[in-house]
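These notes are about the structure you will find just below.
Bear in mind these aren't lab numbers, they're just calculated from the coordinates by the rules spelled out. Treat the numbers as computed from the prediction; the structure is a model and nothing was measured. So basically every Cβ, Gly included, is an ideal-geometry build from the backbone, and we count neighbours across all protein chains shown.
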């Protein structure tokens with residue numbers, strides 16, 4: 001069993017959190033919705049299960065599929081009364097992605113966001129430093145502010161010449 005995202009799991013209802021942790025992010029299949037910090041809480045009241053989720057950004061097209069996949073995962077385990085509640089405040093941030101998940105992103109070939117959303121280079125007038133997930137070089141350039149999904153940008157490594165997605169810091 002993989003480690004649950006410590007940023008959201010409160011130690012309660014491990015059975016329910018483990019079920020939620022089986023649901024992969026439809027846009028980044030190497031991560032679960034718990035890894036991403038999308039699942040904010042899972043509670044049980046009698047036979048009723050409530051899963052609170054926060055979209056990664058307003059209008060995220062994957063949220064409907066995520067909701068459907070969460071319900072299906074619980075149904076497969078015998079929980080039939082499952083409701084999904086959208087929590088919009090506080091807004092999701094890349095800080096909610098666990099370090100474990102950021103490591104999985106990089107191994108998958110996507111440059112993860114920095115360990116904190118505070119981009120000090122912007123304050124100092126320095127360019128953003130994005131490490132190539134293939135060769136680990138910092139000699140990289142942004143090709144497009146938009147990558148394979150709206151939450152990613154397209155970058156290229158000047159050393160190994162490989163293009164890669166960078167998960168934007170939000």
Can you tell me what share of the DSSP beta bridges in the chain is antiparallel? A percent to the nearest 5 is fine.
65
I'd like to compare 129-138, 76-85, 105-114: which one has the highest average count of other Cβ atoms within 10 Å, and what's the full order after that?
105-114, 129-138, 76-85
The relative contact order of the stretch 28-94, taking Cα pairs under 8 Å that sit 6 or more residues apart, comes to a percentage of 37
To the nearest 10 degrees, how steep is helix 99-108 against the longest Cα principal axis of the chain, on a 0 to 90 scale?
60
Students often check this: by mean Cβ neighbours within 10 Å, which of 32-38, 12-18, 147-153, 87-93 ranks highest, and how do the rest follow?
32-38, 147-153, 12-18, 87-93
Which whole-number percentage describes the relative contact order of the stretch 47-170, with Cα contacts under 8 Å and a sequence gap of 6 or more?
20
Tell me, how many Å apart are the Cα centres for the stretch 23-60 and for the stretch 68-98?
3
Return one number: the angle in degrees, 0 to 90 and rounded to the nearest 10, between the long axis of the Cα atoms of helix 63-76 and the longest principal axis of the Cα atoms of the chain.
40
Residue 50-residue 91 pseudo-label distance in nm [points 7 Å out on the Cα-to-Cβ vector]
2.5
